[in-house]
Amino acid sequence: MTPDRDRLARTLIELVKIRSVNPFDETTKEGFREQEMSDDLLSRFRTLGMETGWRQVAPGRPNVWGRLKGTDDGPTIMLAAHMDTVGMEGYEAAFDAELKDGRIKGRGSCDMKAAFACYLEVVRMLRENDITLPGDLIIAGIVDEEHLLTGSAEMGKNGPSADFGIIGEPSKLAICPTHKGQLCAKIFTSGVATHSSRPEKGVNAVEHMGAVIQHLSGLNAELQERGPSHPLCGTGRFSMNVVRGGTFASGIPDQCEMEVDRRFLPGEDIDDILDDYRARLAELSKTIPDFQAEVIGPTLLARALDVPLTSPLVEAISGAAKATLKTDPEITAFPGGTDAPNLGFPCVICGPGDLAQAHSTDEYVELEEMVQATEIYLRTVLSLNGFKSAEVNGFFSQVFV
Ligand SMILES: [Zn+2]
């Protein structure tokens, strides 16, 4: 048996053609089609005999789910993915998905509509081979992962919930039970505006921000010198990425703001990070006359993920990946943030495609990796539901269609 390659390719091509671009800070309107993606998934869930549900997170932006009811008391497992994609600026033919040279191209192909095609194939294989699970199996479609993670925050609060989850973000099928969190904050400097013919009469907020930048410029290196304090995530990271200040060239500016980004380790305290910024600014106020600065944050907070390697989920998916790939799977930290920590139960990241292609203007996923991902997901689901590995191997060697 193998998963149905043609069906996987066809499903993904259809999903990529739905332009479910995240509206980011704009209001939802034509062109941002998370709603259409939700409707499409709901109808696919119904075709597979799943119970369905949905709930608006914001107008035109519903989370959706399909539930394949179990027969007994097994664990509930969620296969989750985000429905939104980043934009397509500079990406010609972003939605003209096609299968070529074993790859399916297009915006959202690896990040992360391929996962939906694999999840749907898992359910189809279970149904068509008359395999009943003791536990429920849920496929969840989540809005707004690419911006503020409001979709997963809503689902974590209002359900559905599960005992275990898999999120098929592109990891090249590596198993990622952990990732860093992201904390964005703003630093403001304020001064006194005056005419630039007499700068000494004012206090230049932009120049003070220059001093802040210099003062914080060693922080990233400092974090790395501290050494890894998490076995898989390594060290934290810091970067200064947006500066806004001043309005015209002949006026001394009284306001300047900077957006800073901190990638933090599981276990690091958010307040400690913000307090550390404040302490560093306080040092500057001792040496620069009239220096005034404040820190506002978090302006964006994505929590860190840390599922223990001894979790039954990690053990099950590791075994499933080994059986599928015929080699020991890579177990590592996922480089970016995900919906996983918001969902409120143990989730592992493992999916087809490479993060290097996600968000690029040459996004694609290898069909072969989708086939492998489908097998890994199905084996994991069966194993967590108590099927013995000999039985599962038996399914894969003969029974499945
Ligand atoms: Zn993604």
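Cross-link reach is defined here as a Cα-Cα straight distance under 23 Å, omitting same-chain residues fewer than 8 places apart; for LYS286 the lysines meeting it are LYS186, LYS201. Please give every one of the lysines within straight-line cross-link reach of LYS100, meaning a C-alpha to C-alpha distance under 18 Å, and leave out same-chain neighbours fewer than 8 residues apart. List returned: LYS17, LYS113. Listed by chain and number, the lysines whose alpha-carbon sits under 27 Å from that of LYS388, ignoring those within fewer than 8 places in the same chain, are LYS69, LYS172, LYS322, LYS326.
Distance from the Cα centroid of the stretch 69-135 to that of the stretch 269-295 is 46 Å (rounded to whole angstrom). Placing +1 on the Cβ of every Lys and Arg and -1 on the Cβ of every Asp and Glu, with nothing else charged, gives the chain a dipole about its Cα centre of roughly 260 debye. Diffusion of the stretch 181-302 by Stokes-Einstein, at 10 °C in a medium of 1.306 mPa s and with Rh set to the Kirkwood radius over alpha-carbon pairs, works out to 104 µm²/s. For a modelled paramagnetic label at ASP272, 7 Å from Cα along Cα-to-Cβ, the residues of the stretch 305-337 in reach, with backbone nitrogen under 20 Å, are 305-308.
Residues of the chain: accessible area per residue at 1.4 Å, in Å²?
44
Converting phi to 3J(HN,Hα) with the Karplus coefficients 6.51, -1.76 and 1.60 and the offset θ = phi - 60°, the stretch 68-82 yields 8, 5, x, 9, 9, 10, x, x, 8, 10, 10, 9, 10, 7, 8 Hz in sequence order, with x at every glycine or proline. Between LEU325 and SER161, full extension at 0.36 nm per residue minus the direct alpha carbon distance yields a gain of 56.1 nm.
Its alpha carbons considered, the stretch 111-209 gives a radius of gyration followed by a Dmax of 24.9, 83 Å. Quick one: go through the stretch 252-268 and flag any residue whose amide nitrogen is under 20 Å from the point 7 Å out along the Cα-to-Cβ line of VAL243. Residues 252-262 fall inside that zone.
Computed in the context of the full set of protein chains, the accessible area of the stretch 181-302 at 1.4 Å probe radius has 49% of its extent on carbon or sulfur.
The modelled label-to-label distance between GLU225 and THR2, using points 7 Å beyond Cα along the C-beta direction, is 5.3 nm.
Length available on full extension from THR71 to GLU92: 0.36 nm per residue minus the Cα-Cα distance, which gives 2.8 nm.
Label point of TRP54 set 7 angstrom out along Cα-Cβ; within the stretch 115-146, amide nitrogens under 13 Å from it belong to 141-143.
If you plug the beta carbon distance of LYS286 and PHE24 into 1/(1 + (r/R0)^6) with R0 = 60 Å, you get a FRET efficiency near 0.90. Computed from Cα positions, the angle between helix 312-325 and the longest principal axis of the chain comes to roughly 70 degrees.
Would you calculate, for the chain, the mean residue ellipticity at 222 nm contributed by helices, counting each DSSP H stretch of 4 or more residues as -39,500 (n - 2.57) and dividing by all residues, to the nearest 500? When only DSSP H runs of four or more count, the value is -10000 deg cm²/dmol. Here the stretch 181-302 is treated with +1 on each Lys and Arg Cβ and -1 on each Asp and Glu Cβ, and its dipole about the Cα centre works out to around 300 debye. Using only the Cα atoms of the chain, build the gyration tensor, take square roots of its eigenvalues as a ≥ b ≥ c, and label the shape rounded, prolate or oblate: rounded if a/c is under 1.5, else prolate if a/b is larger than b/c, else oblate. Because a/c hits 1.5 or more and a/b exceeds b/c, the chain counts as prolate.
Computed extension gain for LEU309 through GLU200, at 0.36 nm per residue and net of the alpha carbon distance, reaches 33.3 nm.
The values are calculated or read from the model by the stated rules, or taken from the named source; none is laboratory data. Nothing here was measured: the structure is a model prediction, and the numbers come from that model. In this analysis, Cβ positions are derived from the backbone assuming ideal geometry, glycine residues included, and neighbour counts consider all displayed protein chains. Note: accessible area is taken over every heavy atom of the protein model, side chains too, but ligands, DNA and RNA are not part of it. Shrake-Rupley method; radii C 1.70, N 1.55, O 1.52, S 1.80 Å.
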